[in-house]
1. Ordered by residue, what ³J(HN,Hα) values in Hz, to whole numbers, does region 93-102 give under the Karplus form 6.51 cos²θ - 1.76 cosθ + 1.60, where θ = phi - 60° and Gly and Pro are x?
2. Quick one: what are the phi-derived ³J(HN,Hα) couplings along region 240-249, Karplus 6.51/-1.76/1.60 with θ = phi - 60°, whole Hz, x for glycine and proline?
3. Report, in whole Å, the centroid distance computed from the Cα atoms of region 109-181 and region 39-82.
4. Take the alpha-carbon centre of region 196-219, take the same for region 305-323, and report the distance between them in whole Å.
5. Mind checking which of P94, G107, N79 is farthest towards the positive end of region 77-121's charge dipole, using Cβ charges of +1 (Lys, Arg) and -1 (Asp, Glu) about the Cα centre?
6. For region 153-209, what Kirkwood radius comes out of the mean inverse Cα-Cα distance, in Å?
7. Let me have the 222 nm mean residue ellipticity of the chain computed from DSSP H runs of 4+ only, each contributing -39500 (n - 2.57), with the sum over all residues rounded to the nearest 500.
8. Can you tell me what the convex hull of the Cα atoms of region 33-158 projects to on average, as an area in nm²?
Amino acid sequence: MNTHLLIDTANKLVADDKGLLAMDESNPTCNKRFAKLGIPQTEEARRAYRELIITTPRLSDSISGVILYDETIRQQKKNGTPFLKVLADVGIIPGIKVDTGAKDMAGHAGEKITEGLDGLRDRLKEYFQMGARFAKWREVITIGDEIPSRSGLEANAHSLARYAALCQEVGLVPVVEPEVLMGGDHTLEQCLLVTQEALRNIFIQLNCQRVMLEGVILKPNMVLPGLDCPQQASVDKVADATVNCLLRTVPAAVPGIAFLSGGQSAELASARLNAMNVRWKAQLPWALAFSFARAIQQPALEIWRGDETNVSAAQKALLHRARCNKAARRGEYTNAKETT
Ligand code: 13P
């Protein structure tokens, strides 16, 4: 294991108050988002959209790494320049989503198990040779009647840990992503308990599989009440519940925690990350960063709508969100930033 490279990459991903931009939507997910806005669901439209993202001027001031998808990592700009070269030229570290999706778990109604371990070693080697330096695997957890089950959490944690060990073997930093979904009417307290239990299982399994925690980035959900919960929570309450959950479960050896946005509005995701850093940063052993997809991309996608004449305005919106989230890491994000 190249310990030095792994630690160096993990630290770079959360250095200088930057964060990750997740642009690794699978083709079906990307197409779904395009369909809602009347954008053609073609390989060329997906390519053009990703070209828009990675060629955004000054993106690397706020973004340390981008998470790509198998189709995207092999694509080029319209002029033939490989996306990987565009990223290398501006110093953005390329990462790659390597799970093959969450499927219904046998014997566990309502629960999912993430697939993708078969043949993973060879796929990881290829991605590393192409230039990727980190990878991502997402576990999906639904809160519902009697779920998640203990066996569901254990099986998913075991897969995440096996993925993480394989990543480190080839020199890729594993981004370990357990996502407790926002859908449902559960309370903030229920989300806290489930997220805690998921993280406990994950760190037990990471240790069992001999994963070096100094070379891991954790990508969890924030602790939130379900979308249909009548009792929504203030920004500060979410910040405190989330950080308390992490303090109880995440070892200090982990260099960084980069949140997913999970369907929160872009502004709320920034405000909640900001509150965590304002209220807790000085006492925390790890960096609190971001690895948002929708909370960075959505405003830009809505402006672009597949029209080349909108590229520059969309890039401005993308850069704005990236900068807001960098400010949130510093505890300097305010509502006023949205209008300046
Ligand atoms: P969202 O920020 O849109 O939740 O996406 C993050 C991600 O990478 C999901 O796997």
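Values in this text are rule-based calculations from the coordinates and carry no lab data. No experiment lies behind these values; they were computed from the predicted model shown. Every residue, glycine as well, gets a Cβ built from its backbone with ideal geometry; the counts of neighbours run over all protein chains shown.
1. Couplings: 7, x, x, 8, 6, 10, 6, 10, x, 9 Hz.
2. Once rounded to whole Hz, the list reads 5, 4, 5, 5, 4, 4, 5, 4, 7, 10.
3. What the calculation gives is 24 Å, centre to centre.
4. With region 196-219 and region 305-323 each reduced to a Cα centre, they are spaced 36 Å.
5. Farthest towards the positive pole: N79.
6. Answer for region 153-209: a Kirkwood hydrodynamic radius of 12.2 Å.
7. Mean residue ellipticity at 222 nm (helix-derived): -15000 deg cm²/dmol.
8. Answer in nm², one decimal: 10.2.
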